[in-house]
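The values are calculated or read from the model by the stated rules, or taken from the named source; none is laboratory data. None of these values were measured; they are calculated from a predicted model. Here the Cβ is made from the backbone with ideal geometry for all residues, glycine too, and neighbour counts use every protein chain on show. Calculation scope for accessible area: heavy atoms of the full protein, side chains included, ligands and nucleic acids excluded. Shrake-Rupley method; radii C 1.70, N 1.55, O 1.52, S 1.80 Å.
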Amino acid sequence: MDITNLNELPMQPEKFSTTWLESVDWSKLPESASMTMEERAFVNGLIRYYNPTEVLELGVNRGVGTINILNSIIDKPESTLVSIDIAEHVTKGVPVGEEVLRAFPGLPANKWKLIAGKDASEVMESLGKTFDFAVIDTAHYHPIESLNFLSILPFMKDGSIVVVHDTNLQILGDNGTAFAARLLFSVVAANKLEPDLPGRDLTDIAAIQITPDTRKYIGNVIDALFHPWEIYPSSIISSVRELLQKNYPQSFLEKFDTAASKNRVFVASGQRTYNESVMISEYNAIPSNTIFYGAGAAMRNILDRFDTAGVPFRHTIWDQSSSINEIAGFHVAIPDFETQTNEEIPVVITIKNKDIAAEVRAKLESLGYAVFHEFGSFLDSL
């Protein structure tokens, strides 16, 4: 692969080998979750110029971006693509990467390897290779792109190119503001390049070239993990941690553990403030006779928060389901809807379904319990 400095290319990538894009009828492909033609040209130009042999893609969805990468290497017998997506299906009945074989029905089996249902942190080591080009187009909610980059860096060659998509996706989604790609691009030490598109101050795609400084100052990306997380990716925390333990200094692992621990509470709380001393004080002030109703995900988050704060959980947990008898090692009991109480015992309902919660609340209040539907409102009452 050519290792020309990314900042010394003879022309902008989006202007290089653009006719190659015409071999795909893009109008027949889904528009959702895909790049613009300018962004495809940027990726295509970089691949056509650098001629990578081992290409990596994180984030596949239907496979429209995958088609662009494969189209750019289709005439290069030595070039292959590995695509990884943590999901197995885009929607029910629609597998990840479904468009690829439709676009390339004669694609050689050794040209493309799809790994669905796994995160990069779980499989990079087992691939047994190093890469000279990568495209990251994953969740866009912090810390995902930073964790993606930390996971692949030990397996990227010096001089390799990493393209990051949606670097200007300043939208408010279900999990917050999708700024993760721009944050990664901002903090990583590397040669960097963005398309030169008239009339745009910020573009939505960018390239990073791995240099010795990238590895020397990778602590910048570790430190970025202390920026509040928009989501807590519980399913990959252990695999990312294992990868960090094998490939990075112990001090980085300790920082990761601290950032993950604090952000687990931050995300679970649904709040945008976090003060450990205040939290410890509040949790210790919860009356010992408090009952928590519901043994689902919200209750697990509450238990996580107690654990992180170092406050023992000594309260009763109720759930109507007879099939649930424990959660995170704590006993779950069947609720008592018969006995009247005159003590105003507090009950915190952790069920998200408003109709079910309202029904449970009415029953418990009729028995004399002091009922709260949200954990936050219960803490405010203390």
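How much length is gained on full extension from W26 to S288, taking 0.36 nm per residue of separation minus their Cα-Cα distance?
Values: separation 262, 0.36 × 262 = 94.32 nm, distance 6.25 nm.
Roughly 88.1 nm would be gained on extension.
For the chain, what is the calculated [θ] at 222 nm in deg cm²/dmol (nearest 500), taking -39500 (n - 2.57) for each run of four or more DSSP H residues and dividing by its residue count? Kindly include the intermediate steps, with their values, before the conclusion.
Values: 14 runs with 137 residues, N = 382.
Dividing the helical sum by the residues of the chain leaves -10500 deg cm²/dmol.
Residues with amide H under 5 Å of N191's amide H, sequence separation 5 or more or different chain, H placed in the peptide plane at 1.01 Å from N; which?
Under 5 Å from the amide H of N191 lie the amide H atoms of Q209, T211, each far enough along the sequence or on another chain.
Identify all lysines with a Cα-Cα distance to K363 below 19 Å; exclude those on the same chain that are fewer than 8 residues away in sequence.
K352, K354
Tell me which of T350, T19, A87 sits at the most positive position along the dipole axis of the chain, charges placed on C-beta atoms (Lys, Arg +1; Asp, Glu -1).
The listed residue farthest towards the positive side: T19.
Based on Cβ point charges of +1 for Lys and Arg and -1 for Asp and Glu, what charge dipole magnitude is obtained for the chain about its Cα centre, in debye rounded to the nearest 20?
Values: 31 positive and 50 negative charges, 101 e Å.
Approximately 480 debye in magnitude.
Take each uninterrupted DSSP H stretch in the chain, measure its Cα extent along the helix axis, and return the ones at 27 Å or beyond whose mean Kyte-Doolittle hydropathy is at least -1.0.
Details: long enough: 250-269 (29 Å, -0.17).
Answer set is 250-269.
Using alpha carbons only, how many angstrom separate the centre of region 181-231 from the centre of region 49-98?
Using only Cα atoms to place each centre, the spacing works out to 22 Å.
Compute the signed sum of charges (Lys and Arg +1, Asp and Glu -1) over the other residues within less than 12 Å, Cβ to Cβ, of E98.
Working: positive: R62, R102; negative: D85, E88, E99.
Every neighbour counted, the sum reads -1.
Cα-Cα over 25 Å: which of K192/K216; K28/K111; K92/K129? Present the calculation step by step, with values, prior to reporting the outcome.
Numbers: K192/K216 16 Å; K28/K111 23 Å; K92/K129 33 Å.
Check vs 25 Å cut-off fails for K92/K129.
Placing +1 at every Lys and Arg Cβ and -1 at every Asp and Glu Cβ, with all other atoms neutral, what dipole size does region 60-196 have around its Cα centre, in debye to the nearest 20? Don't jump to the answer; show the numbers that get you there.
Values: 11 positive and 17 negative charges, 46 e Å.
I would put it at about 220 debye.
Near the amide H of I317, under 5 Å away, which other amide H atoms are found, from residues 5 or more places off or on another chain, if H is placed in the peptide plane?
F292, A333
So for the chain, averaging the separation of alpha carbon pairs under 8 Å that are six or more residues apart and normalising by length, what relative contact order in percent results?
Details: 652 pairs, mean separation 40.6, N = 382.
For the chain, the relative contact order is 11 percent.
Could you check the simple spin-label distance between E125 and R215, using points 7 Å along Cα→Cβ, in nm with one decimal?
Modelled inter-label distance: 1.8 nm.
Over the chain, what is the percentage of antiparallel beta bridges among all DSSP beta bridges, to the nearest 5?
Details: 14 of 43 bridges.
Counting only bridges with both partners in the chain, antiparallel ones make up about 35 percent.
Can you work out the accessible area per residue across the chain, with the rest of the protein chains kept in place, probe 1.4 Å, in square angstrom? Walk me through the intermediate numbers first.
Numbers: 17690 Å² over 382 residues.
Ligands and nucleic acids excluded, the result is 46 Å² per residue.
Determine the share of region 30-122's accessible area contributed by carbon and sulfur atoms, expressed in whole percent, with a 1.4 angstrom probe.
On the way: 1970 of 3790 Å².
Of all accessible area on region 30-122, carbon and sulfur atoms account for 52 percent.
Place +1 on the Cβ of every Lys and Arg and -1 on the Cβ of every Asp and Glu in region 178-251, take the dipole about the Cα centre, and give the residue among N191, Y248, I208 whose Cα lies farthest towards its positive end.
Going by the Cα projections, it comes out as Y248.
Where a ≥ b ≥ c are the square roots of the eigenvalues of the C-alpha gyration tensor, would you call region 297-382 rounded, which needs a/c under 1.5, or, failing that, prolate if a/b is larger than b/c, or oblate?
Details: a/c = 1.57, a/b = 1.30, b/c = 1.21.
Prolate shape, in that a/c is at least 1.5 and a/b is the bigger ratio.
Would you mind working out the magnitude of the charge dipole of region 264-382 relative to its Cα centre, with +1 at each Lys and Arg C-beta and -1 at each Asp and Glu C-beta, to the nearest 20 Debye? Provide the component values of the computation, followed by the final result.
Numbers: 9 positive and 15 negative charges, 76 e Å.
For this selection, approximately 360 debye.
Cα gyration tensor of region 88-152, axes a ≥ b ≥ c as square roots of the eigenvalues: rounded (a/c below 1.5), prolate (a/b > b/c) or oblate?
On the way: a/c = 2.07, a/b = 1.29, b/c = 1.60.
It is oblate, given that a/c is not under 1.5 and a/b is not larger than b/c.
Among the aspartates and glutamates, select those whose C-alpha is under 13 Å from the C-alpha of K255, and discard any that sit fewer than 8 residues away in the same chain.
D223
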